[in-house]
Every structure is written in structure tokens, then in C-alpha cells.
Amino acid sequence: MSYFVTGGTGFIGRFLIDKLIARGGTIHVLVRKNSLRKLDALRPRWGADAKRVVAVVGDLAKPKLGIAPADLAKLKGKVDHVFHLAAVYDLSADAASQEKANIDGTRNAVQFAEAIQAGCFHHTSSIAAAGLYDGVFREDMFDEAEELDHPYFRTKHDSEGIVRAECKRPWRVYRPAIVVGHSKTGEIDKIDGPYYFFKLIQKMRKALPQWMPTVGIEGGRINIVPVDYVVDAMDHIAHMKGLDGRCFHLTDPEPQRIGEILNLFAKAAHAPQMTMRLNAKMFGFIPDFVLDSAMSLAPVRRIQKQVLSDLGIPPDMFKFVNYPTRFDNREAARALKGSGIAVPALEDYAWRLWDYWERHLDPDLFIDRSLAGKVKDRVIVITGGTSGIGEATAYKMAEAGAQVVLVARDPAKAAPVMAKIKKMGGKAKFYACDLAEIPECDKLVAAVLKDFGHCDYLVNNAGRSIRRGIASSFDRFHDFERTMQLNYFGSLRLIMGFLPSMMKNKRGQIINISSIGVLTQAPRFSAYVASKAALDSFTGCAASEFNDDNIAFTTINMPLVKTPMIAPTKLYNHVPTLTPEQAADLVVEAIVYKPVRIATRLGIFGALLHAVAPKATHIILNAAFRMFPDSSAAQGRKDGAPKEIALSPEQVAFAQITQGIHW
């Protein structure tokens, strides 16, 4: 048995050749001259040398596939089956490339099959050939296809029409559903179909606990099949007698709705599931002109572009949310009867698809996620850089090749930090500055700009925290003033000072070390939380104003970190905290990914509780307020140095459950 395969190095093609190799005989594979190495790389997979899998140099876009006359002569009368798989399988591809590959390529393949007098021409079409037919589309239907405006649907339909009208050799057509990875291994080589939504699911997993219910869409029924089913079915049907001139739907007889499918993948990813799903058809009452008018607004277009870009979702995907077509597959089922070939249940292998995507295809895997790739030779200003989070951050930045600008009040404390940076081969310069004094902030900005010319990254880390109930603060208004002066006005002055140079250079990032307390509004920290909340609010406003200046703003709602700032509160020795190095890793994440906010799941959940059930949340926080005591100083006692506090089992349990929150 002898075969000729176009698209043999592609996704479906390589799996089909797996099957054909097992049948014996010679397999000729169409390849472009510059793709010969790709074919050679696949030979070990097939366990076949150049005599079993023969490269035939040609070009899909040329008549008779651009194959040399001498090669055509060698193949004439010697090929039993031509499998035409080469095509564009991508909704987001431009119309010209789809027409060239799908329509012209199919016509050229048909001409080739005639030229070599092939035994049977097997055309891999797609369910897209039905367009957006409203109802059940049978295997014997073709001209009934509807709404073929989209280039992918139109070119798939027209290419199949070429086979039906122009192919003089015996032919068979296969219409696979949306093809996903191998049901046993998850293997796939590109992001398509349901994979477009994997990044959204991943972001939901990162932002929310798995048990939290979310709202999603219901949508139409989407037909999905794994690649191993498609090639098993094609291989089996192609070698059966008496089936020429027929079309076979390689589809799932029991397709599921979009919402159900996304929930299967959410479950596989350990992400929150959409327990409440809205039927997308309910929005059909909105007139098209209203939607068109909304989408014509520049802000709406920019938002849509940014969101879809972040998630990697092509805009065209949403046109098919209410997919109306169902596919009858009786011909394929009849041909496969007794073969043991059947579509596996998606719920049985969804986890394999997710696992393979996250390990091999997640776009984040291909970004330069090294810190050095972002900060090497860049100027990064770190306030509060001589201890805690600032010190740990300075070491990471220096190790990555940044020019570290270390800011703190005490030169004596800076000396060992600078020495360590120098020992590791890093570059750093120290500036003494009391950020609670506005004139000193201005001098710092002027000195940095004079010495370096600009600031690429500003990490506002220096801060002051006060743990004191309001009832114990009636005569301590200065606590609120000095906390606001450093945490808000000091940081704000630096931001305002460095922004002009960032605007001039059209790049920069402001990273503010905020607190989980802003999200949870924990008691006893009214002065501290209010100062951080002010900075958070300013940052939100600024991010909007500088969005198109390539200047990023990131707020890190930091959970409790074991730093000198919390040392006076001895009960924190008994509750879970981050190390300064772990906190510095969040700063690294901010620089690498430039998110708007970095927060723990508990912090986000706390903010959500305040939004949906504020009274109940206040009751919970009041219980925590009464559970944990004020410090000796806050109580007005003068017991000397702070003493260790033995927590009760109830307090320990509560601190564990609310890990990271300041109590």
C-alpha cells in the first residue's frame, strides 16, 4: 500500500502517519524545501527512515502542488491513497492566507491526484463547511450551508466544493469537529478552539479560591473531538471498500454547551466553576445598531482589545458563542460500527488537555520571565532599602544586573547592605533621606536624576505601621498625621518627582507596597490602612491617566511579613507570616508581569465580603478585634520591653484561617 499525504508534518498529519506506518507500505509526504528538517525531526517518532517516509518537495500554493515533473512520473499509478490535510485551521487567520491554502491548495491537490492517477482522494474538510446552519446538518448536505461570511467557514465550504465538483478520482470527505489534543497524552501543537479560554480559567484560579461560585455563559453546543479519534476514524474509513463519494462527520454525537465545557476545564485546572450560567441568547434583544454604536467608541474598542490581548482570545470567537448547528453522524457511525472506535467523553480526558497546555503551550512559558531580562542596567529606586522587604528586594535586583538606588534614613544600616551587593558583583548607590520630609524627597529626586538621568522603576516600600485601636488614639492624632506623611505624602512626592522623566522616556513602572489591610479593613490599623488606601486610590487614578504613556502602576497588597516593623508586636511571633525574601518575590512578579494589583486570595475574598455582605463582615472583624489584645503601649501600660504573648488555641486557629491579615 502506498500513500501520499499533504500536511503530514502538521498536527493531524503526524498522528495519521502514525497509523499509516503501522499498515506498512511507503508514505510520501509533501514538504517545502525549507521544511525538510521538520520532517527529519519527526522520523524518530514514526520509527521510519527516508525509504519508508519519503519527502516530496513541492508547494501547496502551486499547480499540481509544485512537484517536479520527474517526481510526478515516479508517482504516477503507484499511490493508492492521497490524504489532503494541508490547510489553515485557524479562525483568526486573515482571509487571503485562508483562500490561498484552503481553496487554491485543495484545487492544486486535486490536480495532483489526477496527474498521478491516484487510487482515492481523501479530503479533510471541517464542520465549518456547514457555516452557521441553524439546525441539524447531515453528512449528505452541502449546498444547504448558511451564513458563510466568515472566511474560515467560506474557504472550508468552497474547498470541499472543489473536491465534489472537480475531482475525477474516487473521493471521500471527512468533516472533523473542533480537534483538541490526544485523549491519552493531551498532546497538541497550537492554541485553538477551547484552548483560547484556558488563560481566563488560569487567571480565575489565581485570583479566586476553587470553591467560590462564579457567573458564566451557557452558549450553544460546541462539538469537540480528540485528535486520536479523528485519525483512528479516518484511517479505518479510508481502508473500507464501497464508501467512495461520501462524507463522514467525525463528531461527538452528544456535544455539550460552552458553559459545560468551560466548567470541565475549570475543574481540571482546580479553578472556580461557573455555577450560575447565563444563556447568551438573552442578550439577543439588544439591537445590532446599539452594539455597533457601543463598539465604535474608542474607549470601548481599547478595553476590548486590551482584555482580549491579555487573555489571548481572538475577537471572532465571540461570534460563535450561540453556535446553532448540530451534526448528524450516521454515516460515520455505520462505517465505524464494530471497530471499537468511538468518541471518548470529554470529562475523562479534559485534565490531560489542561495539563499539556499548562506545561507546553501556556503563552507565559514563552515570555522572558527572567528578572534580568527586565531590569538589567535599569535604574531602580527602592525606598526602605536597608531592612526587611526593601533589603531583600535590593539583593534580587542587584543580582539581576539592575542599577540599584538604595534609599533609607540611616547610612550606618545601609553600609552592610551595600557591602553585600558589592560582594555579589552588583551595582548600587545609597542616598540618605527621611521621606517624611517633603524637601528631602525633592532633594532625593534631583540627586537621582542628576546622577542617572532617569528612573526606570520606583519601589515605594518605606512605611510606618501603628497597631492601636481608635478608642486608644483619641489623644494621639499625631499618629495619623505622621503615618500619612510617610506612607502617602512621601511616596506621592517621589512619584510626582520621577514621573516627568518616565513620560519623556515613554517607559517606567511605579510599584507601591501596600497592605492586605486595605482589602480586609482589619481593625486596630486605621491610621496605617487609611494611609495605604490613599496611595492605592491615587495609583488607580494615575494608572488611568498614564495608560497610553507606557508607564505601569502596580499595587502589592502585601500580607503580614516578618520585618523589623512588626517586631514590637510579639503576638506576630505565633502567626503565619511571609519572609522578606518571599515578599521580594512579589516585587519581582510585579516587574516581570506588570499586573495592576498583586494580592492574596484571602485579601481579594475580604474585599468581596465587604462589597456583598458588609454588616456580616463587620461582625467577623469585630470578633477578631475583641479576640486579640491591644499592646501594652496602646493600653497605656509601661511594662518595659514587649513581652511574649501566649495565644489561646482559639486565637491560633483564627490566625491560621486568616493567614496574612494584621490583627
Next item on the list: Go through the stretch 159-181 and count every residue that is in contact (Cβ under 8 Å) with a residue 12 or more places away in the chain and surrounded by fewer than 19 Cβ atoms within 10 Å (Cβ to Cβ).
Entry: 6
Margin query: Out of the residues in the stretch 135-158 meeting the condition of being in contact with an Asp or Glu (Cβ under 7 Å, 6 or more places away or on another chain) and among the acidic types (Asp, Glu), tell me which one is surrounded by the fewest Cβ atoms within 10 Å (Cβ to Cβ).
Written below: Glu146
Checklist line | Those residues of the stretch 1-53 which are in contact (Cβ under 8 Å) with a residue 60 or more places away in the chain and more than 24 Å from Cys120 (Cα to Cα), in sequence order | finding: none
Margin query: Exactly one of these conditions fails for Phe15: (1) surrounded by 15 or more Cβ atoms within 10 Å (Cβ to Cβ); (2) in contact with a strand residue (DSSP E or B) (Cβ under 9 Å, 6 or more places away or on another chain); (3) at negative phi. Give me its number.
Written below: (2)
Check: From the residues in the stretch 570-588 that are modelled with pLDDT under 80 and of a type in the set (S, T, N, Q), which one is surrounded by the most Cβ atoms within 10 Å (Cβ to Cβ)?
Finding: Thr577
Notebook entry, point to check: Going by the structure shown, is Leu486 among the aliphatic types (A, V, I, L, M) and within 18 Å of Glu391 (Cα to Cα)?
Noted result: no
Item checked: Within the stretch 437-458, considering residues that are surrounded by 19 or more Cβ atoms within 10 Å (Cβ to Cβ) and in contact with a helix residue (DSSP H, G or I) (Cβ under 6 Å, 6 or more places away or on another chain), the one farthest from Ala372 (Cα to Cα) -> Cys441
Margin query: Cβ contacts < 7 Å: first residue without any contact (Cβ under 8 Å) to a residue 60 or more places away in the chain, restricted to the stretch 579-601; second residue among the small types (Gly, Ala, Ser), any location; separation 6+ or different chain. Result?
Written below: Val596/Ala543; Ile598/Ala590
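Scan the stretch 33-55 and give yes if some residue there is closer than 20 Å to Pro170 by Cβ and surrounded by 14 or more Cβ atoms within 10 Å (Cβ to Cβ), otherwise no.
Within the stretch 33-55 (the criterion being closer than 20 Å to Pro170 by Cβ and surrounded by 14 or more Cβ atoms within 10 Å (Cβ to Cβ)), the answer is no, since none of the residues qualifies.
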Checklist line | From Lys64, Lys76, Lys38, Lys100, residue being modelled with pLDDT under 95 and over 22 Å from Arg14 (Cβ atoms) | finding: Lys100
Note to self: Condition (residue is buried (at least 23 other Cβ atoms within 10 Å of the Cβ) and in contact with a Lys or Arg (Cβ under 8 Å, 6 or more places away or on another chain)) applied to the stretch 477-486: is it met by at least one residue?
What the structure shows: yes
Notebook entry, point to check: Here are some residues: Ala61, Ala128. Which one is of a type in the set (Gly, Ala, Ser) and more than 20 Å from Tyr323 (Cα to Cα)?
Noted result: Ala61
Notebook entry, point to check: Does the stretch 589-617 hold any residues that are in a helix (DSSP H, G or I), surrounded by fewer than 19 Cβ atoms within 10 Å (Cβ to Cβ) and within 24 Å of the chain's Cα centre (by Cα), and which are they?
Noted result: Glu589, Val592, Tyr593, Arg601, Leu602, Phe605, Ala607, Leu608
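Where residues in the stretch 244-277 are assigned to a loop (DSSP other than H, G, I, E, B) and among the acidic types (Asp, Glu), which of them is farthest from Asp228 (Cα to Cα)?
Asp244
Hey, any hits in the stretch 561-569 for a residue that's within 25 Å of Leu458 (Cβ to Cβ), modelled with pLDDT of 70 or more and in the same structural domain as Val459 (by TED's automatic domain parsing)?
yes
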Check: Taking the stretch 445-485 on its own, how many of its residues are of a type in the set (D, E, K, R) and assigned to a helix (DSSP H, G or I)?
Finding: 5
Margin query: With closer than 26 Å to Pro176 by Cβ and in contact with a Pro (Cβ under 6 Å, 6 or more places away or on another chain) as the only criterion, which of Ala48, Ala61, Ala86, Ala95 stands out?
Written below: Ala95
Margin query: Looking only at the stretch 486-508, filter to residues that are part of a helix (DSSP H, G or I) and basic (Lys, Arg); which one of those is nearest to the chain's Cα centre (by Cα)?
Written below: Lys504
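The values are calculated or read from the model by the stated rules, or taken from the named source; none is laboratory data. What you are looking at is a predicted structure, and each value in this text was computed from that prediction instead of being measured. Heads up, the Cβs are rebuilt from the backbone with ideal geometry, glycines too, and the neighbour counts pull from every protein chain shown.
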